[in-house]
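Participant: One structure, pasted below without further comment.
The values are calculated or read from the model by the stated rules, or taken from the named source; none is laboratory data. Everything numeric in this text was worked out from a predicted model, so none of it was measured. Here Cβ is always computed from backbone atoms with ideal geometry, including for glycine, and neighbour counts include all displayed protein chains. Heads up: the accessible areas ignore ligands, DNA and RNA and are worked out on the full protein's heavy atoms, side chains in. Shrake-Rupley method; radii C 1.70, N 1.55, O 1.52, S 1.80 Å.
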Amino acid sequence: MQRILYFLCISIILTSCAQNNLDGYLVSGKLDKVKNNELVQIVRSEGRTTVVLDSTRITNSTFEFKGKIDNPDMYFIAIEGIPGGLPFILENEKIDLTIYTDSVYASVIDGGKENKLLSDYQDYAKNLRTKTSKIDEAFRLAYQNQDSVKMASLRTDYENLMKEGLANDIQFVSTNTDAVLSGVILESATMNNKMEFAQIEDLYNSLDDNIKNARTGKAVSKYLNENRNTAIGSIAPNFTAPSPEGEAITLNDIKGKVTIIDFWAAWCGPCRRENPNVVEVYKKYHDKGLEIIGVSLDGTPQQKDAKQAWIDAIEQDNLTWHQVSNLKYFNDPIAREYNINAIPATFIIDEDGKIIAKNLRGPALEQKISELLD
């Protein structure tokens, strides 16, 4: 009897060790509603591309993934027929998912230290979104009532919340230098322009090597290398390009007290919709020292006559400031030097050529110019 108990204990111990030393990941999901045969995927977005890591089918409202990854990363569970995706950190651990089909984002993730950090971070983000939603609702009401005082107050409240969210991101990365989520936060910061270049660089330098060497860390490093010359605080690279009349115009020759470098194109819908706002800003502040130089990225293969389309857009949108273009689309040497991957894109520089703001539009653009010239 004692021998039987002994071998039974050994068996339990070995089984327990095998479970705790999982060589890879085991992701188990259970849905709160009956589902069968729907496709489930583990996916990740890379720019405009969706990368599918693994796929399976739901059986009796459950699914399972097994595998191994070299580096943990942020992924999403995407389920056929259910909108949205569940973000989670995939690491070589046992991860249990309880999927709420009516609200995938509210699903429960259990397993892995990285997902505990993610859960806490999302709780904060959810609370912040609730506050901003209330401000949005109040702003719409104030706008309907044309209550300019209330609107100004709500804008200040919103800006303070954005600053609070930014401070939370900086604090998280600073205190979790070995966390996958820190790399994800910094990668996101390179795309949303909410964090200054110097802040991103300082936080990146503080990361542990395993995060720097992960996909997100490499993406941040690439961003830093490509954008160092056009970061806020840097001197804007000088350039010379032809005007519609063929005259060579040089940035350093036309700078004012404040200069906007505006990357746009005739084919760019968002650019054309923004142009009326830029026109008003120019009219209001040109006499106070504002100059603008538009850099057109016309020259797509789809344009039969790119130069004429550019000239027509200048006339139609009443763009009375300096305009230049090499008509080479995104292969324009100026666009490449400024690392332009999407338009509209703007750089605001002072009279010494130092970049003091980037990618401001609408009221934010006018507010910045007002701060500098009023």
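Participant: Just check the chain against the gyration tensor rule for me: Cα atoms, a ≥ b ≥ c as the square roots of the eigenvalues, rounded for a/c under 1.5, and otherwise prolate or oblate depending on whether a/b exceeds b/c.
Facilitator: prolate
Participant: List the relative contact order of the chain as a percent without decimals, with contacts defined as Cα pairs under 8 Å and 6+ residues apart.
Facilitator: 11
Participant: Could you pull the accessible area for Leu372 with a 1.4 Å probe, rounded to 10 Å²?
Facilitator: 70
Participant: Then there is this: Report the accessible area of Ser103, computed with a 1.4 Å probe over the heavy atoms of all protein chains in place, in Å² rounded to the nearest 10.
Facilitator: 60
Participant: Now for a separate question. On the protein heavy atoms, probe 1.4 angstrom, tell me the percent of accessible surface of the chain carried by carbon and sulfur.
Facilitator: 49
Participant: Given the whole protein assembly as supplied and a 1.4 Å probe, what does the accessible area of Glu64 come to in Å², nearest 10?
Facilitator: Near enough 90 Å² of accessible area.
Participant: Select from the stretch 205-266 those GluC sites (Glu not before Pro) which occupy a DSSP coil region and have at most 13 other Cβ atoms within 10 Å, ordered by residue number.
Facilitator: Glu245, Glu247
Participant: Let me ask something else about it. Enumerate the amide H contacts of Asp54 below 5 Å, restricted to partners 5 or more residues apart or on another chain; note that Pro and chain-start residues carry no placed amide H.
Facilitator: When sequence neighbours closer than 5 places are left aside, the close amide H contacts are Ile42.
Participant: Okay, moving on. So how far, in whole Å, is the C-alpha centre of the stretch 340-374 from the one of the stretch 174-206?
Facilitator: That distance is 23 Å.
Participant: Oh, and also: If the reach is capped at under 25 angstrom between alpha carbons, list the lysines near Lys131, excluding any in the same chain fewer than eight residues apart.
Facilitator: The reachable lysines, counting only those whose Cα sits under 25 Å from Lys131, are Lys116, Lys150, Lys163, Lys194.
Participant: Something else about it: With all protein chains present and a 1.4 Å probe, how do Ile314, Ile99 order by accessible area, largest first?
Facilitator: From most exposed to least exposed: Ile314, Ile99.
Participant: Quick one: angle between helix 215-227 and the longest Cα principal axis of the chain, in degrees between 0 and 90, rounded to 10, please.
Facilitator: The answer is roughly 10 degrees.
Participant: Quick check: residue separation of Ala364 and Ala231 times 0.36 nm, minus the Cα distance between them. What number comes out in nm? Intermediate results must be reported in sequence, preceding the final value.
Facilitator: Numbers: separation 133, 0.36 × 133 = 47.88 nm, distance 1.87 nm.
Between Ala364 and Ala231, full extension yields an extra 46.0 nm.
Participant: Would you please name the trypsin sites (Lys or Arg not before Pro) within the stretch 38-88 that are DSSP coil residues with at most 15 other C-beta atoms within 10 Å of their C-beta?
Facilitator: Numbers: sites: Arg44, Arg48, Arg57, Lys66, Lys68; in loops: Arg48, Lys68.
Counting only loop positions with at most 15 other Cβ atoms within 10 Å, the trypsin sites (Lys or Arg not before Pro) in the stretch 38-88 are Arg48, Lys68.
Participant: Label 7 Å along Cα→Cβ of Arg155; the stretch 357-374 residues with amide nitrogen under 14 Å?
Facilitator: 361-372
Participant: Using a Cα-Cα cut-off of under 20 Å, which aspartates and glutamates could be cross-linked to Lys354, ignoring same-chain neighbours fewer than 8 residues away?
Facilitator: In chain and number order, the partners are Glu196, Glu201, Glu226, Asp253, Asp262, Glu291, Glu337, Glu366, Glu371, Asp374.
Participant: What does the accessible area per residue of the chain come to in Å², with a 1.4 Å probe and no ligands, DNA or RNA counted?
Facilitator: Per-residue value: 55 Å².
Participant: I would also like to ask the following. Lys288: which lysines have alpha carbons under 17 Å from its alpha carbon, excluding same-chain residues fewer than 8 sequence positions away?
Facilitator: Straight-line reach from Lys288, under 17 Å: Lys255, Lys257, Lys368.
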